[in-house]
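The structure appears right after this line, and notes come after that.
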Amino acid sequence: MEYIGASGCVLLDGAHNPHGARAAAAALAEAFDFRDLVLVAGCLDDKDVTGILEGLHDVVSHVIVTTSPSPRAAPLDRIAAAAETVWHGSGVAVEAIPELPQALEAAEAVAGEGDGILVAGSLITVGAARDRYLPVDEDEDALVAATDLLRLALCVAFPALSLWLVRLLT
């Protein structure tokens, strides 16, 4: 999980399988006290979309599904149908927005003071969101890129360290 300070509190977590989604939900519940959490989810077609969304069921209050920017993306209608099923009767709003940039804009419009935005469902979706919030200058120093890669590797290898860092920074 990566914390991005842009547009309030934006969190990025690949959560591209049910286990990863449940782990992300547990980390969110433990480390944050959002008033509301807006989920932006875009998955690949070969993934358990329903299982991923079910793993995040208890921690989100608004859902925006979108198409991952990949040729392997799950069709929007499949993700939307899964989300409608998962949150049926819960009072959680579910929106379907075809393109990720517009989905992120919608999430920012929904999220208020004390709310968070979680982008999840695919590493490709998360990568595209990260590029939007933290654009990389073409002339960026290779050392900075290597540091980012090392930080990501440490967070993947040591999730508890990742939670500690998030708590430290928030």
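The values are calculated or read from the model by the stated rules, or taken from the named source; none is laboratory data. For clarity, every value in this text was computed on a predicted model and none was experimentally measured. No Cβ is skipped: glycine too gets one built from the backbone with ideal geometry, and neighbour counts run over all protein chains shown. Side chains are part of the model used for accessible areas, which takes the heavy atoms of the whole protein and leaves out ligands, DNA and RNA. Shrake-Rupley method; radii C 1.70, N 1.55, O 1.52, S 1.80 Å.
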Examine the stretch 25-41 for a residue that is in a loop (DSSP other than H, G, I, E, B) and more than 19 Å from ILE4 (Cβ to Cβ), and state whether such a residue exists.
no
On the given criteria, is ARG22 open to solvent by 40 Å² or more (accessible area, probe 1.4 Å), basic (Lys, Arg) and assigned to a helix (DSSP H, G or I)?
yes
Name the pairs: first residue in the stretch 23-42 and free of Cβ contacts under 8 Å to residues at least 60 places away in the same chain, second residue assigned to a helix (DSSP H, G or I), Cβ to Cβ under 8 Å, at least 6 apart or on different chains?
ALA25/GLY55; ALA25/HIS57; ALA25/ASP58; ALA25/VAL59; ALA29/ASP58; ALA29/VAL59
Looking for whichever is farther than 19 Å from GLN102 by Cα and touching an Asp or Glu at 6+ places or on another chain (Cβ under 6 Å) here; the options are ASP36, ASP58. Which one fits?
ASP36
Which pairs do you get when a residue that is touching a residue at least 40 places away in the same chain (Cβ under 8 Å) and part of a strand (DSSP E or B), found in the stretch 51-63, comes within reach of a residue that is among the small types (Gly, Ala, Ser) and open to solvent by 40 Å² or more (accessible area, probe 1.4 Å), reach meaning Cβ atoms under 8 angstrom, with the pair 6+ apart or on two chains?
HIS62/ALA93
Kindly provide the set of residues from the stretch 69-84 that are touching a helix residue (DSSP H, G or I) at 6+ places or on another chain (Cβ under 9 Å) and either closer than 11 Å to HIS57 by Cβ or loosely packed, with under 13 Cβ neighbours inside 10 Å (or both), ordered by number.
ARG72, ALA83
Top-ranked residue in the stretch 39-95 [being among the polar types (S, T, N, Q) and within 14 Å of the chain's Cα centre (by Cα); ranked as nearest to ILE117 (Cα to Cα)]:
SER61
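Please enumerate the residues belonging to the stretch 93-106 that are touching an Asp or Glu at 6+ places or on another chain (Cβ under 9 Å) and not in a strand (DSSP E or B).
Result: ILE97, ALA103, ALA106.
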LEU12 passes all but one of (1) in contact with an Asp or Glu (Cβ under 6 Å, 6 or more places away or on another chain); (2) open to solvent by 50 Å² or more (accessible area, probe 1.4 Å); which number fails?
(2)
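Every residue, every condition in (1) modelled with pLDDT under 95; (2) at positive phi; (3) not acidic (Asp, Glu), yes or no:
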| site | (1), (2), (3) |
| --- | --- |
| ILE79 | no, no, yes |
| ALA82 | no, no, yes |
| HIS88 | no, no, yes |
| ALA93 | no, no, yes |
| GLU99 | no, no, no |
| VAL136 | yes, no, yes |
| ALA146 | yes, no, yes |
| LEU150 | yes, no, yes |
| VAL156 | yes, no, yes |
Does THR67 satisfy the criteria of being farther than 15 Å from TYR133 by Cβ, in a loop (DSSP other than H, G, I, E, B) and among the polar types (S, T, N, Q)?
yes
